[in-house]
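Working notes, structure below.
The values are calculated or read from the model by the stated rules, or taken from the named source; none is laboratory data. Here the structure is a predicted model, which means the values were calculated and not measured. FYI the Cβ positions are ideal-geometry reconstructions off the backbone, even for glycines, and counts take in every protein chain you see.
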Amino acid sequence: MSVFSETIIKALNGYKTILKKNLSSEEKTAKLNALGLKRKQLQQANDVVLYSTAQQVLKDIAQSTEFPDDNDKASSWYCGLHEFYKHLQDILATHYVSQNTVIHVTQQSSRALVNAIQLMSLADAALDKKVATRLDQCGQTVAKFGSKEQQQKLAHALKLHKERNVSFFLPLLCNFEKYLDQ
């Protein structure tokens with residue numbers, strides 16, 4: 001079981017507890033069935049299905065519940081539902097689905113940064129169009145998903161290597177800066 005599966009199942013089980021506290025047994029069972037939150041369904045689901053289930057839970061909460069202001073603790077709100085909703089949003093915001101796989105954006109950005117640094121360390125003779133394409137892809141990933149610190153590190157590394165080989169690294173640096181502005 002992946003870290004994402006463990007995290008999302010724990011969160012969805014928390015939602016089940018909220019439902020148990022606030023709905024009748026029949027209402028709770030109907031909602032669990034409708035959303036695919038039965039224990040066996042969750043245990044057998046892969047990451048992509050769990051991601052989709054979590055999105056459905058968010059959608060269901062948004063459609064069936066009136067949202068109070070952040071400072072307003074409305075009595076119509078289920079106990080803990082507001083906090084749960086924000087927590088589940090936060091989990092999903094740090095992941096996305098690509099090619100039938102759930103990807104953690106920070107981990108993907110970290111991998112791209114490490115790959116870029118390794119590629120930049122190649123000897124000048126090994127720096128070809130294929131390496132430039134891979135470095136450009138790493139730059140896109142870091143620009144899109146990376147933290148400010150990761151983005152600064154890649155920009156700094158590209159600037160340092162530009163001094164070594166201007167014709168190779170300058171276009172990559174320009175592209176990276178363009179990706180940051182998007």
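Here are a few things to note about the model shown:
Per-residue answers, yes or no, for (1) assigned to a loop (DSSP other than H, G, I, E, B); (2) out of contact with any strand residue (DSSP E or B) (no Cβ under 9 Å at 6 or more places or on another chain):
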position: Lys10; (1), (2): no, yes
position: Tyr15; (1), (2): no, yes
position: Leu37; (1), (2): yes, yes
position: Leu42; (1), (2): no, yes
position: Leu50; (1), (2): no, no
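- A Cβ distance below 8 Å, combined with a sequence gap of six or more or placement on separate chains, defines the contacts here; from segment 9-30, residues that are within 25 Å of Val48 (Cβ to Cβ) reach residues that are among the β-branched types (Val, Ile, Thr) in the pairs Ala11/Ile91; Leu12/Thr53; Leu12/Val57; Tyr15/Val57.
- Of the candidates Phe84, Phe176, Phe169, the single residue that is part of a helix (DSSP H, G or I) and touching a residue at least 60 places away in the same chain (Cβ under 8 Å) is Phe84.
- Test: residue in segment 101-118 that is outside the structural domain of Asp47 (by TED's automatic domain parsing), within 24 Å of Ala54 (Cα to Cα), in a helix (DSSP H, G or I) and small (Gly, Ala, Ser): yes
- In segment 105-139, the residues that are surrounded by 16 or more Cβ atoms within 10 Å (Cβ to Cβ) and under 16 Å from the mean Cα position of the chain (by Cα): Val105, Gln108, Ser109, Ser110, Ala112
- Considered as a group, the residues in segment 14-59 that are of a type in the set (Asp, Glu) and out of contact with any helix residue (DSSP H, G or I) (no Cβ under 6 Å at 6 or more places or on another chain) include one that is surrounded by the fewest Cβ atoms within 10 Å (Cβ to Cβ), and that residue is Glu26.
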